[in-house]
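Nothing in this text is a laboratory measurement; each read-out follows from the coordinates by a stated rule. All values derive from a computational prediction rather than experimental measurement. FYI the Cβ positions are ideal-geometry reconstructions off the backbone, even for glycines, and counts take in every protein chain you see.
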Amino acid sequence: MTKTISDVICPFCGTLCDDLVVTVSDDGTKLLDVENACAIGAEKFLHSQASDRVTRPRMLQEDGSAVEVSYDEAIEYTAQLLAKAKKPLMYGWSSTSCEAQSVGSEIAEQVGAIIDNTAAVCHGTTLVAVQNVGIPSCTLGEVKNRADRIIFWGCNPAHAHPRHMSRYSIFPRGYFTGKGHKNRKLIVVDPRTTDTSSLADIHLQVEQGADYELLQALRAAVRGQELTGDIIAGVPKAKVYESAELLKSGRFGVIFFGMGVTQSLGKDHNIDAAIMLTKDLNEYTKFSIIAMRGHYNVTGSGQVLGWQFGFPYSVDLSRGFARYNPGETGSIELLKRKEADAIMVLGSDPGAHFPIRCVREIANLPSVCIDPHITPTSEICKLHVPVAFVGVEVGGNCYRMDNVPIDSRKVVEPPEGMMTDEEFLRAVNTRITEIKAA
């Protein structure tokens, strides 16, 4: 016998597709099938059933081998590590629930840690720009129902957010966009030809690192100002004017931007200019802008840190109060300066994405990796604590890329005896309180 669970949230990317249909065994212990998910989302669900999955904590030994330890031993090691450190770093938080993030914030405050999320290496510059100039945004539902002008700038949703275009931005038939793709015009800004750019009405093949120049040229063209030079940031001037007129002629437009803008030359100034372009376009029509967030709850991690401390990432609590200065209090800067004396990673993989200097520093520090998967980070940390998959084996609140909160749901039981990340963190927090009180 089997049972079917509908309206399931996909815990892969910031699109948080909420129309999945999951088939499980009648006793809820085995996941059998996933419908409506993209290939990556389906694999995330099915990976929970892998026969070689690690289900108990592992401690790294001096000779490089790993031995299994109990959850109680893992809790004690983690609590002692954080309680005794003078400046611990707690990094990640983007692939877990808001409930677990909230407990993590309590721990960080108690031990005087620097707590940081993956925005430090992706959309942190977006958050800085929003603090500088604000953001005229909207929901993905409004995009689906109203938007007839779409820009994808520095992102490739065909690969990174596989169902974004089919659910919200290009193909769906909305209330005021009844003809779907035929109702919309698409501009893609990318130095490369991609699967997304192959769908575009206009592909602006910007010169690498020249996004700021092109954004300012578009702003000038929208305002009817004269541009000098035949080629601007690698794009013919006539194409810039054509794009500006196309954007102004729509009823409702949206700029979606990704790491091709946030992490290229200019960084937060690029996003400043993109937001101001949105503001300029609102003089002629209705326009919004949305960041293409990657991890399914990276937006939520910024929200939770904002509730707790007033800052969305790179929060330094080592002085007993919250400080925020990206470029100084960020994870990479801290590791490069060798200021952290312990590190805990949850819901991220800095071992695969940080500069090699920082990865070496993580390997040298007392360290804990809390993650369902075996990753490059789990392989260099002294302790790996496997936990249940959020959105598959445990529910929890998550934030979509447009800042809409959505509750993910549990669809299958985790392996027997396995803790959730929230349960593990609560146990660690309780033990740290006991250590501090002793």
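When Rg is the radius of gyration of the Cα atoms in the chain and Rh is its Kirkwood radius, what does Rg/Rh come to?
Using Cα coordinates only, the ratio equals 1.00.
Which value at 222 nm does the chain reach when only helices count, each DSSP H run of 4 or more adding -39,500 (n - 2.57), with the total divided by all residues and rounded to the nearest 500 deg cm²/dmol? Walk me through the intermediate numbers first.
Working: 16 runs with 153 residues, N = 438.
It lands at -10000 deg cm²/dmol.
List, in order, the whole-Hz ³J(HN,Hα) value for each residue of region 14-27 obtained from phi through the Karplus relation with A = 6.51, B = -1.76, C = 1.60 and θ = phi - 60°; use x for Gly and Pro.
x, 6, 6, 3, 10, 10, 6, 10, 10, 9, 10, 5, 4, 8
When a/c is below 1.5 the answer is rounded, else prolate if a/b is larger than b/c, else oblate, so apply that to region 71-137 with a ≥ b ≥ c taken from the square roots of the Cα gyration tensor eigenvalues.
Prolate, since a/c reaches 1.5 and a/b exceeds b/c.
How big is the Cα convex hull of region 330-438 in projection, averaged over all directions, in nm²? Walk me through the intermediate numbers first.
Values: hull surface 35.5 nm².
Its average projected convex-hull area is 8.9 nm².
When each pair of different Cα atoms in region 2-47 is counted once in the 1/r mean, what is the Kirkwood radius in angstroms, to one decimal?
About 10.6 Å, per the Kirkwood formula over Cα pairs.
For all pairs of alpha-carbon atoms in region 124-291, what percent lies in each bin of width 5 Å, listed from the first bin to the last filled one?
In order of increasing distance, the bins hold 2, 10, 19, 23, 23, 16, 6, 1, 0 percent.
Let me know the charge dipole size of region 2-47 about its Cα centre in debye, to the nearest 20, where only the beta-carbon of Lys, Arg (+1) and Asp, Glu (-1) is charged. Working shown, then result.
Numbers: 3 positive and 8 negative charges, 29 e Å.
It works out to roughly 140 debye.
Report the Cα centroid-to-centroid distance between region 33-49 and region 315-394 in angstrom, as an integer.
27 Å
Using Cα centres only, tell me the gap between region 84-108 and region 169-189 in whole Å.
Using only Cα atoms, the two centres lie 40 Å from each other.
Out of all DSSP beta bridges with both ends in the chain, state the antiparallel percent to the nearest 5. Write down the numbers at each step before the final one.
Numbers: 25 of 61 bridges.
The answer is about 40 percent antiparallel.
Mind listing the long-range amide H neighbours of T196? Cut-off is under 5 Å, sequence gap 5 or more, other chains count too, H placed in the peptide plane at 1.01 Å from N.
Amide H neighbours of T196: A158.
Give me, ordered by chain and number, the residues 5 or more places off D371 or on other chains with an amide H under 5 Å from its own placed amide H.
Close amide H contacts, sequence-distant or interchain: V385, V387.
Per-residue HN-Hα couplings for region 414-425, Karplus 6.51 cos²θ - 1.76 cosθ + 1.60 at θ = phi - 60°, whole Hz, x for Gly and Pro?
Going residue by residue, I get x, x, 4, x, 7, 8, 8, 5, 5, 4, 4, 5 Hz, with x marking Gly and Pro.
What does the charge dipole of the chain about its Cα centre add up to, to the nearest 20 debye, if the Cβ of each Lys and Arg holds +1 and the Cβ of each Asp and Glu holds -1?
Values: 44 positive and 53 negative charges, 270 e Å.
With only Lys, Arg, Asp and Glu charged at Cβ, the dipole is about 1300 debye.
In straight Cα distance, which lysines are under 30 Å from K237, not counting same-chain residues fewer than 8 positions off?
K182, K185, K248, K267, K279, K286
Determine, for H159, H269, H164, the number of other Cβ atoms within 10 Å of each Cβ, and report the residues in order from fewest to most.
Placing the least packed residue first, the sequence is H159, H269, H164.
Once the Cβ-Cβ distance between E416 and N282 is put in as r, and R0 is 60 Å, what FRET efficiency do you end up with, to the nearest 0.05? All intermediate terms of the calculation are to be shown ahead of the outcome.
Working: r = 55 Å, r/R0 = 0.92.
Given R0 = 60 Å and the Cβ-Cβ separation, E is 0.60.
Put a dot 7 Å past each Cα toward the Cβ at Q80 and I231; how far apart are the dots in nm?
The two pseudo-label positions are separated by 6.3 nm.
Would you please give the residues with an amide H less than 5 Å from that of S288, counting only those at least 5 places away or on a separate chain, with H modeled from the backbone geometry?
It is G253, V254, I255, by chain and number.
Pop out the ³J(HN,Hα) list for region 369-380 in order, Karplus 6.51 cos²θ - 1.76 cosθ + 1.60 with θ = phi - 60°, rounded to Hz; leave Gly and Pro as x.
Once rounded to whole Hz, the list reads 10, 10, 6, x, 9, 7, 10, x, 5, 5, 7, 9.
Check the straight Cα-Cα distances from K382 and name the lysines below 19 Å, setting aside those fewer than 8 residues away within the same chain.
By straight Cα distance, K382 reaches K84, K86, K87, K338.
Assuming R0 = 35 Å, can you tell me the calculated FRET efficiency for the pair S166 and A238, based on Cβ-Cβ distance, to the nearest 0.05? Kindly include the intermediate steps, with their values, before the conclusion.
Values: r = 32 Å, r/R0 = 0.92.
Calculated value: 0.60.
Could you compute the FRET efficiency for K179 and R357, with r as their C-beta to C-beta distance and R0 at 51 Å, rounded to 0.05?
With a Förster radius of 51 Å, E is 0.45.
Take R323 and R223, extend 7 Å from each Cα along the Cα→Cβ direction, and tell me the distance between the two endpoints in nm.
Each label point is offset 7 Å from its Cα along the Cβ direction, giving 3.9 nm.
Over the chain, what is the relative contact order in whole percent, taking alpha-carbon pairs under 8 Å and six or more residues apart?
24 percent.
Compare the peptides 47-54, 429-436 by average per-residue count of other Cβ atoms within 10 angstrom and give them in order, highest first.
With the highest mean Cβ count within 10 Å placed first, the list reads 429-436, 47-54.
If you keep only loop residues by DSSP, which trypsin sites (Lys or Arg not before Pro) in region 300-397 have at most 15 other Cβ atoms within 10 Å of their Cβ?
Here the trypsin sites (Lys or Arg not before Pro) that fit, given the DSSP loop and packing criteria, are R319, R337, K338.
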